[in-house]
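What follows is one structure encoded as structure tokens, with my remarks underneath.
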Amino acid sequence: MKLIHRLEPLLWMIFGAGGYQLALLLPGLVLGVGLLGGLGFLPLEYERLHALASSAVGKPFLAGFLIGLFWHCCHHLRHLILDLGGERAAAPGAYFSYALAIVATAATVQVLVVL
Amino acid sequence: METQTRKFEILRYRPEEQSEPEFRSYEVPCMPDWVVLDALNAIKDDIDPTLSHRWSCRMGVCGSCGMLVNGRPVLTCAAFVRDYEGTIRVEPLSNFPIVRDLVVELDDFVHKIQSVKPWIVRKLEKDVEQGEYRQSPAQLEEFKQFSMCINCALCYAACPVLASEPDFVGPAAIALGHRYNLDSRDEGNAERYDAMHGHNGVWSCSYANECSQVCPKHVDPAMAVNQAKLTGALQWTGILPKKSMT
Amino acid sequence: MSENASPTPVAPARPPSGFPLAHARYRNYVLFALTSVFMFVGGVGLLLGVRALGQGPEAWAQYLDALGHPAVLALSLAVFGFSVYFTLRWMWIGRKIMVGRVGPVPGPPIPMAGLGLGGIALCFATGIGVLLLLGGVL
Ligand code: SF4
Ligand code: FES
């Protein structure tokens with residue numbers, strides 16, 4: 001927990017930056033891919049999207065966006081756990097949340113490397 | 001003027017007689033222009049002299065009459081009886097230990113306020129002969145809002161974070177520290193850093209914004225806390241110097 | 001609060017009345033914190049999509065099929081709802097942080113409501129941009 005306390009400003013900055021990315025982009029992405037794509041209203045062609053995602057701009061962008069998203073959500077999750085679980089939940093909640101963020105980051109890196 | 005009888009449920013705690021706080025009901029004939037504090041005083045004067053509560057100015061400036069009315073932290077001298085329907089429930093401020101009835105223990109609150117050094121800190125004090133520290137209206141505007149606090153502690157009662165992290169230094173203290181950090185005459189930013197940006201400082205806040213909803217003086221402590229996060233984070237990275245912000 | 005330095009006997013502090021769900025104001029706050037769970041799920045969904053792109057056209061076709069499943073669509077709808085709520089509250093309460101407070105002279109006062117609404121409008125515009133990009137129009 002000592003380390004986490006020392007990194008608090010950094011964690012908050014990632015949370016903040018991630019929050020702005022999410023506010024700007026997530027509704028559009030979920031609407032486009034999850035809803036319109038899922039319903040078949042939006043043509044999500046493989047060739048074009050693959051080229052877009054694996055381009056020199058696409059990859060670092062996806063890395064920043066997804067990793068920012070995961071750390072943002074996990075930091076907020078830590079606060080949610082604390083609010084609902086009380087003081088006892090502080091340390092386990094923080095460990096759990098940031099461990100989840102680390103796992104998600106590793107998964108993102110792995111996916112992007114093979115893209 | 002016609003009186004109207006209203007029902008009050010008041011959380012009572014008298015340590016010598018009760019092991020736990022309990023609600024007790026009172027029927028109080030109220031004048032149409034009464035505030036909740038008037039009703040409490042009427043109970044104490046005419047119905048039950050054992051009731052304890054704090055108040056002083058009766059005009060929203062001393063900050064001593066804060067209580068929960070129907071669950072919301074308010075100044076009882078500014079809460080009109082006619083604005084509530086049905087039974088009115090009065091409790092002592094949440095997040096504070098109860099000394100007696102509606103009186104809470106504020107020691108911890110006072111210590112937290114002191115911990116941010118809410119006064120002008122100078123490396124070198126000027127001699128009186130050298131005159132006053134001058135400040136432009138624009139420089140005053142920078143922090144004026146954050147200096148309006150009356151230490152009523154309503155924001156502490158509203159804060160969900162304080163319920164799970166009792167050592168969080170809290171909204172009013174941070175707003176006050178921020179107020180001095182923004183003051184052009186002050187040089188104490190580095191000395192406030194630990195209290196405001198250490199382990200029980202601004203980072204505990206999850207921006208519930210509750211403090212700003214209940215603040216009777218429109219200090220907007222949530223704004224101060226979150227601006228202080230940005231400043232503190234930039235200082236942590238070294239982008240912003242710690243000494244003088246303004 | 002935590003420890004009592006004074007010897008006065010006290011009854012323990014009570015939590016804020018009605019937290020977390022009895023008052024609308026606290027409910028909004030808890031709802032906002034819950035956005036983290038749903039947006040995390042959304043992130044995992046997008047990551048699976050990127051993985052499918054990396055695995056080739058068949059995997060991508062399968063991914064799109066899975067997205068069309070009613071349960072997945074319902075989940076997407078929930079994630080979408082939470083992310084829109086997130087955007088609104090983030091920009092609205094976040095506007096209070098976005099005030100230039102560096103340097104000796106304060107900047108011109110920015111109307112707070114304008115800052116919040118402007119932020120929301122910007123998010124709306126980028127959302128449209130994302131849709132156009134995904135749909136191949138841009
Ligand atoms: S910031 Fe507002 S609510 Fe908090 S103690 Fe000061 S006046 Fe009261
Ligand atoms: S009695 Fe002074 S603020 Fe209410």
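Summary of computed values
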{"quantity": "Diffusion coefficient, µm² s⁻¹, Stokes-Einstein with Kirkwood Rh over alpha-carbon pairs of region A:57-115 at 37 °C and 0.692 mPa s", "calculated": "270 µm²/s"}
{"quantity": "Mean projection area, nm², convex hull over Cα of region C:16-84", "calculated": "5.3 nm²"}
{"quantity": "Cross-link reach list, lysines versus C:Lys96, counting only Cα pairs under 28 Å and skipping chain neighbours closer than eight places", "calculated": "B:Lys112, B:Lys117, B:Lys144, B:Lys217, B:Lys229, B:Lys242, B:Lys243"}
{"quantity": "Residues whose placed amide H lies under 5 Å from that of B:Arg89, excluding near-sequence neighbours", "calculated": "B:Glu9, B:Asn70"}
{"quantity": "Under 5 Å, built H, 5+ apart or other chain: amide partners of B:Arg6", "calculated": "B:Val28, B:Cys30"}
{"quantity": "Span-rule helices in chain A, defined as complete DSSP H runs reaching 24 Å or more along the axis (Cα) with Kyte mean at least 0.0", "calculated": "A:8-29, A:58-85, A:90-114"}
{"quantity": "Accessible-area composition of region C:24-96, carbon plus sulfur, in percent [1.4 Å probe]", "calculated": "72 percent"}
{"quantity": "Ranking by accessible area, most exposed first, for B:Cys205, A:Cys74 with a 1.4 Å probe", "calculated": "B:Cys205, A:Cys74"}
{"quantity": "DSSP-assigned coil residues among GluC sites (Glu not before Pro) in region B:28-130, each with at most 10 further Cβ atoms within 10 Å", "calculated": "B:Glu85, B:Glu125"}
{"quantity": "Cleavage-rule hits (trypsin sites (Lys or Arg not before Pro)) in region B:25-131: DSSP loop, at most 12 neighbouring Cβ within 10 angstrom", "calculated": "B:Arg122, B:Lys123, B:Lys126"}
{"quantity": "Loop-located chymotrypsin sites (Phe, Trp or Tyr not before Pro) in region B:51-105 whose Cβ has at most 15 other Cβ within 10 Å (DSSP)", "calculated": "B:Tyr84"}
{"quantity": "Stokes-Einstein diffusion coefficient of the protein assembly as shown, Kirkwood radius over Cα pairs, 37 °C, 0.692 mPa s, in µm²/s", "calculated": "130 µm²/s"}
{"quantity": "Alpha-carbon Debye profile of chain A, log10 I(q)/I(0) at 0.11, 0.15 Å⁻¹", "calculated": "-0.46, -0.78"}
{"quantity": "Overall Cα dimensions of chain B - principal axes, largest extent first, Å", "calculated": "60, 39, 31"}
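The values are calculated or read from the model by the stated rules, or taken from the named source; none is laboratory data. Here the structure is a predicted model, which is why all the values come from computation and not from measurement. With ideal geometry, Cβ positions are generated from the backbone for all residues, glycine too; neighbour counts draw on all protein chains shown. Accessible surface areas use protein heavy atoms only, side chains included; no ligands, DNA or RNA. Shrake-Rupley method; radii C 1.70, N 1.55, O 1.52, S 1.80 Å.
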